[in-house]
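Below you'll find the structure, written out as structure tokens, and then a few comments.
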Amino acid sequence: MSCSGEEFNDILQIKPRIMMQLKKAKYGVYNHSTVELCHWSKKSFLNEGECYKSKFYGIDTHRCMEFSPMGMVCENRCVYCWRPMEFYDFLNINEKSVDEPKTIYDNLVDERKRLISGYFGNDKADKKKVHEALLPTHYAISLSGEPTLYPKLPELIRYLKSLKDTRSIFLVTNGQEPEMLYKLQEEDALPTQLYLSTNAPNKDLFMMINKPLYKDAWERWNKSLEFLRVAKTRTVIRITLIKGYNDALELIKDYASLLMKGEPHFVEVKSYMHVGKSRMRLDEDDMLSMEEIKRFAKELATYLDFDIMDESIESRIVVLQNKKRYVNRMIS
Ligand code: SF4
């Protein structure tokens, strides 16, 4: 168990042993929430490049706050997860056992300032950028665990939207809590861009790659897929490909029929990346080359009314854009 306190309605907390390991890995932690300075934000401070979401959609990489209100709780055990998922818990979380959105925000912002502070003493760092970074304009609600398990997610997203400097909010979900997605829409709390993690065109591969704890995980994921079609916000299906697992060209037709159910605005075709804790489960050879990613994306586009929109070689990703459900790629 990496968290405690749930059964007594105390506030859920990541256990000290796990918290220490996370802090050693340069995470900021507050009770059940986590924050981190993304690898790309650090590169941006040093003017060594921006992340692909900046290139594709115009977000501010150096002013991105990457965090999760459910840092160590998830319903899946995806084989390619770079996070320390071996520590993950799977708990039934109730409203009484979690922090209020503002409490999470204030404490994680302080943790993040602590993580940024070292860059003021770094000669190579762009001090103007480091200073701006203290006030986030972009929120990436992903990092670790499954954010849609946080029962107060609608309030949290509305709170972030209420902050004057907020430009964009991205939410990444594994699709295991479709009800929460409908709740976000009903309560006018949708993110700027909603990502549905995708890594299998059929149930067998889904169960093999995601190792879900819910028996009806595939059905839950499909309900979340259907939500994308009616979602009143920008939607992205990100397909993570692992060589020899889910990248066979014969599978592309099945991926395409799934994608048509969700009609997302964008499809990101991305290689698994041999980083973090995933190195204990997969090999470097399980990554696809950029050429293989481009070939898969090109083939996929022939089944869809989508254009190849852009690519990032460093992140081994190609993005397709929906011609029928067109939105300006750049977030204003
Ligand atoms: S948007 Fe994602 S990749 Fe870009 S800086 Fe934020 S967490 Fe990193």
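Below are the figures for this structure:
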{"item": "Charge dipole magnitude, Cβ of K and R +1, D and E -1 - the chain, Cα centre, debye nearest 20", "result": "680 debye"}
{"item": "Estimated 222 nm signal from helices in the chain, with DSSP H stretches of n ≥ 4 weighted -39500 (n - 2.57), rounded to 500", "result": "-9500 deg cm²/dmol"}
{"item": "Whole-percent carbon and sulfur share, accessible surface of the chain, 1.4 Å", "result": "52 percent"}
{"item": "Selection of trypsin sites (Lys or Arg not before Pro), segment 84-147, meeting DSSP coil and at most 11 other Cβ within 10 Å", "result": "LYS124"}
{"item": "Partners for LYS15 among lysines (Cα-Cα distance below 20 Å; same-chain residues under 8 apart left out)", "result": "LYS23, LYS24, LYS26, LYS96, LYS277"}
{"item": "Links that overshoot a 25 Å alpha carbon limit, given the list LYS102/LYS261; LYS183/LYS298; LYS53/LYS164", "result": "LYS102/LYS261; LYS183/LYS298"}
{"item": "Residues of type aspartates and glutamates that LYS211 reaches as a straight line, Cα spacing below 17 Å, ignoring anything fewer than 8 places off in the same chain", "result": "GLU75, GLU86, ASP89, GLU146, GLU177, GLU219"}
{"item": "Surface accessible to a 1.4 Å probe, per residue, for the residues of segment 5-322, Å²", "result": "41 Å²"}
{"item": "Global form of the chain, assessed from the alpha-carbon gyration tensor, a/c cut-off 1.5", "result": "rounded"}
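The values are calculated or read from the model by the stated rules, or taken from the named source; none is laboratory data. Since this is a predicted model, take the numbers as computed values, not measurements. Here Cβ is always computed from backbone atoms with ideal geometry, including for glycine, and neighbour counts include all displayed protein chains. Note: areas computed on protein heavy atoms with side chains; ligands, DNA, RNA excluded. Shrake-Rupley method; radii C 1.70, N 1.55, O 1.52, S 1.80 Å.
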